[in-house]
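The values are calculated or read from the model by the stated rules, or taken from the named source; none is laboratory data. Given the structure is predicted, the values throughout are model-derived calculations rather than measurements. Note that we place each Cβ from the backbone using ideal geometry, even for glycine, and neighbour counts take in every protein chain shown.
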Amino acid sequence: MGNKIKGKDLLKIGYPNNNSINIAMGQISRYGKKEKKERLLSDAKLVLDAPAQFKGHPIWGKIAEALIEPVKVQMHQLNTLRAPFEIFGENEIEDSAKYQMFEALKLPVSVKGALMPDAHSGYGLPIGGVLATDNAVIPYGVGVDIGCRMCLSIYPIPASYLKSNSYQLTQLLSEHTKFGMYEVHKTKGESEVFERPEFREIPLLKSLLSKAYRQLGTSGSGNHFVEFGIVVIEEGNNPWKLQPGQYLGLLSHSGSRALGSNIARHYTYLAAKQCPLPRQVQHLAWLDMNSHDGQEYWIAMNLAGDYAQACHDDIHRRITRLLGTQAVAKIAHHHNFAWKEIIDGKECIVHRKGATPAGLGEIGIIPGSLTAPGYVVMGLGNEASLNSASHGAGRLLSRSQCKTKLTKSQVQKHLAAHEVTLIGGGIDEAPMAYKDIEKVMANQQELVSVLAKFIPKIARMDK
C-alpha cells in the first residue's frame, strides 16, 4: 500500500535528501493509498528521471516542481510601509476592520488596496476588503465561500401580484428551495459544469464531485437567501429596455457550498505551510502563481465560481418554471473571488472579499437586509477603489451580539412593520444586525450609479 512507503525508500531510488522527499511523501500518502508500493516507487522514479515532463500533472506535478527548483520555506516579514490604499465611508467602519486591512497592506506581495463602506472584520482580509497582489493568490483573501453570488431575475409580472398571491409564493419558496447542510432536491438538476475536466484530473476536485452534484441548486446557511420582492425601475434609460414601473423579482444569495469550502481549507493549509507569516497575519498566507499549488488553486477557485453560478441558475430555473413565465432580465455577479486585472499598468491578482466588481459599465447587485431595499447598480470604474463597491449593507452587530441584544419578538415585530414574510432565518440574521444601506450607498456615490431598487417581501433562509 502507498502509505507504507518511507523516506528511505525514496532515498534508495535516488531522491535528494531535501524537501522534495517530504512533498513526495505527502502526495503519495494523500493520493496513492489504493496503489501498490512497487507501482508508486516506479512512478516516483519516472518523475525523478524526467521531472520536466511531469510539470502540471495533478499528482506528480508538485513533486516535479520540488525536484526542478526546491522550495525554500522561510518566515516572511511584513513591510514597514503599507501599500497605497483608499477607504470609503471611513467613519462607518469599525477599527478592527481597518487594522486588518492595514496589516494586509504590509504583505511583501501587496500592491494596492481599498476598503468598502460595508466593511467589517473577518478572517484574513476584512469583509469588504479589496487587495491587489503581485503574482500571488491568498486563499483567505478570497474567502471560504468561493464565488458567493447574487442573482436577480425580473419578471414581466406587476408587483401587485405579490400581494394577491402571497400565500402561493410563500409556499413556492418553502417547498422548492433548499438550505443548509442536508437539504437537497429529490429531482436533480443538470449542468455542464460537471463535465469539466478539472473534476476528473485534480484529485481534490474528483473527491468532491458527488457532493457538488447532490448540492446543485441549494443554498447555504447564515446570510444566504432566496426572496421575492418588488423591482422598482424609475424614469430614464436602463440596459434592459424595460418601461418604468414595479415588477416581480426573485433575488438569491449563495455560493459554492461544500465544494468551495473544501477548496478553501485545502489550499489555505498548503499556503500556510509554504508561507509562514507573523501571527497577526497568518491567515493571509499566499501561493505563488508560478507554483503548482498556485496554479491548481486558481483552476479550482474558478471552477467553484462557475459551480456557484450553476447553483443560482438551477434555483432560478426551478422558480421561473413554477411561475409559468420567463424573466425579462437577469443580473448576476459574484464576490469572494480573485481576478487578474491591470492595476496602475501592471497585471495583479485582485482579491475581493465581500466586495462587488464595479468596473466601468459593469452591472451588480447590492442588497440591504430583510427589510431594507437592495440596489441594482452600474460601476463607474473608480481606480481608487480598484473598480469595486460594497457587496451589501455590512454587519453592524456580530452574530453573538445579536443573540444577546435582540429577541425573536423584536425581530418579528420589525418584519411585520415592513410587511415582510420570513421562512426560516435565525436571530443572527435580524435586519437590525446590518448597517443602514442608505448610508452605505451615500458613501459610494463615486463608485456606482443606481439603476433600480429591490424591495424584499417574501424571504426564505436556513432554519
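Quick one: would you say ASN22 is more than 30 Å from GLU347 (Cα to Cα), out of contact with any strand residue (DSSP E or B) (no Cβ under 7 Å at 6 or more places or on another chain), part of a loop (DSSP other than H, G, I, E, B) and not hydrophobic (A, V, I, L, M, F, W, C)? No: the conditions fail for ASN22. Here is the figure for region 183-232: residues that are touching a strand residue (DSSP E or B) at 6+ places or on another chain (Cβ under 8 Å) and either closer than 17 Å to LEU259 by Cβ or not assigned by TED's automatic domain parsing to the domain that holds GLY260 (or both) total 5.
Selection of helices (runs of 4 or more DSSP H) fully inside region 82-182 by the criterion of at least 1 residues being in the same structural domain as GLN445 (by TED's automatic domain parsing) returns 160-164, 166-176. It is to be established whether one or more residues within region 253-262 are surrounded by fewer than 21 Cβ atoms within 10 Å (Cβ to Cβ), in the same structural domain as TYR155 (by TED's automatic domain parsing), more than 20 Å from TYR31 (Cβ to Cβ) and charged (D, E, K, R). So far as region 253-262 goes, no, none of its residues is surrounded by fewer than 21 Cβ atoms within 10 Å (Cβ to Cβ), in the same structural domain as TYR155 (by TED's automatic domain parsing), more than 20 Å from TYR31 (Cβ to Cβ) and charged (D, E, K, R).
Looking at region 72-80, can you tell me whether even one residue there is within 30 Å of GLN445 (Cα to Cα) and either touching a strand residue (DSSP E or B) at 6+ places or on another chain (Cβ under 8 Å) or surrounded by 14 or more Cβ atoms within 10 Å (Cβ to Cβ) (or both)? No: region 72-80 contains no residue that is within 30 Å of GLN445 (Cα to Cα) and either touching a strand residue (DSSP E or B) at 6+ places or on another chain (Cβ under 8 Å) or surrounded by 14 or more Cβ atoms within 10 Å (Cβ to Cβ) (or both). Entry remark, region 271-303: residues being aliphatic (A, V, I, L, M) and in contact with a strand residue (DSSP E or B) (Cβ under 7 Å, 6 or more places away or on another chain) number 4 in total. Looking across region 51-71 at every residue that is within 29 Å of the chain's Cα centre (by Cα) and without any contact (Cβ under 8 Å) to a residue 60 or more places away in the chain, the one that is surrounded by the fewest Cβ atoms within 10 Å (Cβ to Cβ) is identified as HIS57.
Residue-by-condition table, conditions (1) assigned by TED's automatic domain parsing to the domain that holds HIS185; (2) in contact (Cβ under 8 Å) with a residue 24 or more places away in the chain; (3) assigned to a helix (DSSP H, G or I):
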residue	(1), (2), (3)
ASN302	yes, no, yes
CYS311	yes, yes, yes
ARG321	yes, no, yes
GLU341	yes, yes, no
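Among residues of region 166-183 that are over 14 Å from HIS224 (Cα atoms), those with a beta-carbon under 8 Å from a residue that is among the charged types (D, E, K, R) and assigned to a helix (DSSP H, G or I) at least six positions away or on a different chain give the pairs HIS176/ARG318. Of the listed requirements (1) in contact with a Leu (Cβ under 7 Å, 6 or more places away or on another chain); (2) surrounded by 18 or more Cβ atoms within 10 Å (Cβ to Cβ); (3) of a type outside the set (Asp, Glu), PRO278 misses just one: (2).
Every test in (1) without any contact (Cβ under 8 Å) to a residue 60 or more places away in the chain; (2) farther than 20 Å from GLU227 by Cα is passed by ALA389 save one, and that test is (1). Evaluation of ALA393 against the conditions (1) surrounded by 24 or more Cβ atoms within 10 Å (Cβ to Cβ); (2) touching a helix residue (DSSP H, G or I) at 6+ places or on another chain (Cβ under 8 Å); (3) assigned to a strand (DSSP E or B) shows that the sole unmet condition is (3). Taken over region 355-390, residues that are surrounded by fewer than 24 Cβ atoms within 10 Å (Cβ to Cβ), in contact with a Pro (Cβ under 7 Å, 6 or more places away or on another chain) and under 21 Å from LEU125 (Cα atoms) amount to 0. Beta carbons closer than 8 Å, at least 6 apart along the sequence or on distinct chains, pair a first residue in region 92-110 that is of a type in the set (Phe, Trp, Tyr) with a second that is at pLDDT 95 or above for PHE102/ARG82. Hey, does region 233-242 have a residue that's crowded, with 20+ Cβ neighbours inside 10 Å, of a type in the set (A, V, I, L, M) and assigned by TED's automatic domain parsing to the domain that holds ARG399? Among the residues of region 233-242, not one is crowded, with 20+ Cβ neighbours inside 10 Å, of a type in the set (A, V, I, L, M) and assigned by TED's automatic domain parsing to the domain that holds ARG399, which makes the answer no. Pairs meeting the criteria (first residue in region 21-44 and surrounded by 18 or more Cβ atoms within 10 Å (Cβ to Cβ), second residue of a type in the set (Phe, Trp, Tyr) and not in a helix (DSSP H, G or I), beta carbons under 9 Å, at least 6 apart or on different chains) are ILE21/TYR15; ALA24/TYR15; ALA24/TRP60; GLN27/TRP60; ALA44/TYR15; ALA44/TRP60. Looking at region 188-195, can you tell me whether even one residue there is among the β-branched types (Val, Ile, Thr), over 27 Å from LEU287 (Cβ atoms), under 22 Å from the mean Cα position of the chain (by Cα) and modelled with pLDDT of 95 or more? So far as region 188-195 goes, no, none of its residues is among the β-branched types (Val, Ile, Thr), over 27 Å from LEU287 (Cβ atoms), under 22 Å from the mean Cα position of the chain (by Cα) and modelled with pLDDT of 95 or more.
Scanning region 304-354 for residues that are surrounded by fewer than 17 Cβ atoms within 10 Å (Cβ to Cβ), aliphatic (A, V, I, L, M) and touching a strand residue (DSSP E or B) at 6+ places or on another chain (Cβ under 8 Å) turns up VAL328, ILE342. The set of residues in region 343-368 being part of a strand (DSSP E or B), farther than 23 Å from GLN295 by Cβ and in contact with a helix residue (DSSP H, G or I) (Cβ under 9 Å, 6 or more places away or on another chain) consists of ALA355, ILE366. I'd like the residue in region 274-323 that is more than 20 Å from the chain's Cα centre (by Cα) and among the hydroxyl-bearing types (Ser, Thr, Tyr) and, out of all such residues, is modelled with the lowest pLDDT. Only one residue fits best here, namely SER291.
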